[in-house]
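Asks: Have a look at this one.
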Amino acid sequence: MSLTLHVRDDGTVHLNGAPVEVPSGVSPFRAGIDAAKRAAAATNEEIVPLTARTDSETFDLLVVRGAVVDAESARAADPDSIAVKLPTPAPAPTQPENAPADQPPDEREDGPVAAPFASEGEHDAAERSPGAVPRRALLAGALAVGGGLGVWALARKSPSTPAPAATTTRPTPALPGGQDAPGGWSEHASWVVNDVADPRPSLAMHEGLVIALTQPSGTGTLRLSAVRAANGEPVWNAPLDAGVTVTTGPTLVTLSGEARVVVATQDNVLTWDASSGKLRSKIALPSDTNNVTTSAFGVWTNHDEQRQHKALINGAFQSFTLPKDSAPLGVLGKQLLAADAKGQVWKLTAGKATGKPTKLSGPKEHSAGAVILATKDLLITGWNRDRKLTLRAYNLTDLKPKWTTKAQSGWQGFLPVTGVSPDHSWAIVANRVVNLSNGTIRTIASKWSTVGISDTHAWGDDGGTILTCTKNGQLLPAAQPPTKVNTALVSGGTPEHVLVTASVGSSSTLYSLPRSSEGKTR
C-alpha cells in the first residue's frame, strides 16, 4: 500500500483523496503528516511509501515504524532492505535562472533548506544547493515535528565537513541541534522511541526490555510501550484509558512473585505483565490517598495521617498503622516492613498490633543512622562513629548482617539514596559506588550528583558537565564534554548505552546512544 498526501495553498489537506481535518492551532502540514502516520500504522506494514505534495512541489517519503523519513536518503543508506518500497526518485532540481551565479547559496533570497530528512552527506549537499521555496521549508519543519525525532539521520555537520563514503549500514537518528550527548557518548542513536510522554520519563527495565509511557501524535491518549533494549524493536503496547493522569511510574515491581509494570493514576493502580503487556489488575485507590509510592518490592499509599499507610497485598489495599517515627520500606510477602533511624525494624501485619521491633546489630561502638536504601533482598543502614560513616547490609528475610563497608571519612549523619541499578547489583550513595553483593566501596569524584544509573554505568553532575562512571567507580574519558545545560536529559541506560531524552517543542524522543570512539572503556 502507498499513501498520497496533498497540502494545498489554501490550507486544505487530503490523504489518498479523502479530506483531513486540521484542528485549530495545528498547521496543515502537521495535520497531514499525523494522518499519514495513522494510516500507515493501520496497514500493519513496517514500511509504507508516502508521496507528499504541495501545489508546487512533490516529496518522496517513507513511513517506517511510525517515523517519516526521506526516501532517497533511505535508498542510499540501506538499498538492500527497503529498495523495493521506494518510489522512483524525482529528477534533481535545476538552479533557478534568476539566481546570480557569483552569489553564495546561503545569501540568496530564500536561503538553503536541507531536504526534510537527509543523510549526513545530503545535508552537506543541501547546504551547498540553491535556495528552495519557503513552502519547502514549511513542509520540512512540519515533517520534523510530525515524524518525531525518531527519523533516520537528522545529521548536524558543518558545510566544510566532507561527506562520508556510501555505506550499506542502516542510517541512525541523531540528537537535535543544541542538545548534546553526555561526554564520551555518540550523538547518533542505535534506536529511538518517539512521542515519549515526559521530557525525563520514568523507565521500567525487564529482561532486555525498556518500557516507557508514550503519547502517540494525534491520539491524545497514553500507552505503555515496550521495546527491546538491544535494537529498539517494538514488543508490546498497552493503552491507558482516555483522560487519565499518571502520577507514578512506570515502575517494575514484584507482586505475588511476578514481575509487573505498575502505573498509578489519579484514581487507580494498574499492573501489567512485564513480558507480555497483558493487563493484570486495576485497583481503585483509597479515597483519602495523598500519593502512591512504588518500589522494587511494593506499592503503598500515603495519607494525611503520617502513620497510616495502605499496602497493596494480594490484589487489594490493606491498612497498616506504623510505629512512631518510622517509615515504610516495602512489602515482604503479606507484611509491610518499616524502620526508624534508631536501628529498629518492624514486620507489620494488617489488622494486628505493631509488636516489638527487631533491633539491628550494628558495628561495635557505632550509633545508628538512617536507612540508606532497601532492595528486594537487602536493607542497608548507616552507622556513625568519630565523624565517619559505615554502611551495613542486612538480609531482609532474617535481618542478619550480610556485609559491612569500610568506614568513610567525610560522611556523617543521614545520607540520601542517590541511585540503585535496575538489577540491584550496585548503588551510588552520595559520591561513592557500592557493590551490593559484598559491600566494596569506592569514591567516584569529589563532586558528583547522580542523574541516572544503569546496570553498567552511572551519570553524574559535577556542577558543570555530566560525567560517566562504570559500576566500579571508574570515570570514563570524554573529549570536550558538553556543559550540562546543553546535554540531553539522562533517563537511565542499558549495557553500553545511555538513554537520554531530547525535545523539540512539545515533542520528546528517547534515544539509545552508544559509546563514542574516544569514550570507550579503558
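The values are calculated or read from the model by the stated rules, or taken from the named source; none is laboratory data. These numbers come from a predicted model, not from an experiment. Glycine gets a Cβ as well: all are built from the backbone with ideal geometry, and neighbour counts include every protein chain shown.
Asks: Pick from THR418, THR465: which is of a type outside the set (A, V, I, L, M), at pLDDT below 90 and under 22 Å from VAL371 (Cβ atoms)?
Replies: Working: THR465 fails: under 22 Å from VAL371 (Cβ atoms).
None of the others qualify; the one that does is THR418.
Asks: Find the strands (runs of 3 or more DSSP E) located wholly in the stretch 220-262 whose residues include 1 or more that are closer than 18 Å to ALA284 by Cβ, and list them.
Replies: Values: elements: 223-228, 234-239, 246-255.
Here the list reads 246-255.
Asks: Please return the ranges of strands (runs of 3 or more DSSP E) entirely within the stretch 265-314 where 3 or more residues are within 18 Å of ILE211 (Cβ to Cβ) and modelled with pLDDT of 90 or more.
Replies: Numbers: elements: 268-273, 279-284, 291-295, 298-302, 308-313.
In the stretch 265-314, the matching strands (runs of 3 or more DSSP E) lie at 268-273, 279-284.
Asks: Could you identify the single residue in THR301, THR293 that is in contact (Cβ under 8 Å) with a residue 12 or more places away in the chain, in contact with a Pro (Cβ under 7 Å, 6 or more places away or on another chain) and of a type outside the set (A, V, I, L, M, F, W, C)? Reasoning before the result, please.
Replies: Working: THR293 fails: in contact with a Pro (Cβ under 7 Å, 6 or more places away or on another chain).
Being in contact (Cβ under 8 Å) with a residue 12 or more places away in the chain, in contact with a Pro (Cβ under 7 Å, 6 or more places away or on another chain) and of a type outside the set (A, V, I, L, M, F, W, C) holds for just one of THR301, THR293, which is THR301.
Asks: Among the residues that make up the stretch 494-512, is at least one of them crowded, with 16+ Cβ neighbours inside 10 Å and more than 26 Å from ALA204 (Cα to Cα)?
Replies: Looking for residues that are crowded, with 16+ Cβ neighbours inside 10 Å and more than 26 Å from ALA204 (Cα to Cα), one finds none in the stretch 494-512, hence no.
Asks: Additional query: Considering only residues that are of a type in the set (Ser, Thr, Tyr) and modelled with pLDDT under 90, look in the stretch 495-507 and name the one that is farthest from PRO422 (Cα to Cα).
Replies: Filtering the stretch 495-507 for residues of a type in the set (Ser, Thr, Tyr) gives 501, 503, 506-507.
Pick out the ones that are also modelled with pLDDT under 90 and you get 503, 506-507.
Numbers: SER503: 25, SER506: 29, SER507: 27 Å.
The residue in question is SER506.
Asks: Going residue by residue through the stretch 272-284, is there one that turns out to be more than 25 Å from the chain's Cα centre (by Cα) and farther than 23 Å from GLY369 by Cβ? Write out each step before concluding.
Replies: Within the stretch 272-284, the subset more than 25 Å from the chain's Cα centre (by Cα) is 283-284.
This time we only want the ones that are farther than 23 Å from GLY369 by Cβ, so: 283-284.
For the stretch 272-284, residues more than 25 Å from the chain's Cα centre (by Cα) and farther than 23 Å from GLY369 by Cβ: present.
Asks: Which one of GLY460, GLY439, GLY452 is closer than 19 Å to SER421 by Cβ, in contact (Cβ under 8 Å) with a residue 24 or more places away in the chain and either surrounded by 24 or more Cβ atoms within 10 Å (Cβ to Cβ) or among the aromatic types (Phe, Trp, Tyr) (or both)? Give the derivation first.
Replies: Working: GLY439 fails: either surrounded by 24 or more Cβ atoms within 10 Å (Cβ to Cβ) or among the aromatic types (Phe, Trp, Tyr) (or both); GLY452 fails: either surrounded by 24 or more Cβ atoms within 10 Å (Cβ to Cβ) or among the aromatic types (Phe, Trp, Tyr) (or both).
Testing whether each residue is closer than 19 Å to SER421 by Cβ, in contact (Cβ under 8 Å) with a residue 24 or more places away in the chain and either surrounded by 24 or more Cβ atoms within 10 Å (Cβ to Cβ) or among the aromatic types (Phe, Trp, Tyr) (or both) leaves just GLY460.
Asks: Residue check: is PRO328 surrounded by 20 or more Cβ atoms within 10 Å (Cβ to Cβ), of a type outside the set (Asp, Glu) and farther than 27 Å from PRO239 by Cα? Full working, then the answer.
Replies: On the way: surrounded by 20 or more Cβ atoms within 10 Å (Cβ to Cβ): yes; of a type outside the set (Asp, Glu): yes; farther than 27 Å from PRO239 by Cα: yes.
Yes; evaluated as a whole, the condition is true for this residue.
Asks: Only residues that are out of contact with any Asp or Glu (no Cβ under 9 Å at 6 or more places or on another chain) and surrounded by fewer than 20 Cβ atoms within 10 Å (Cβ to Cβ): list them for the stretch 220-231, please.
Replies: Of everything in the stretch 220-231, those that are out of contact with any Asp or Glu (no Cβ under 9 Å at 6 or more places or on another chain) and surrounded by fewer than 20 Cβ atoms within 10 Å (Cβ to Cβ) turn out to be GLY220, ARG223, ARG228, ALA230, ASN231.
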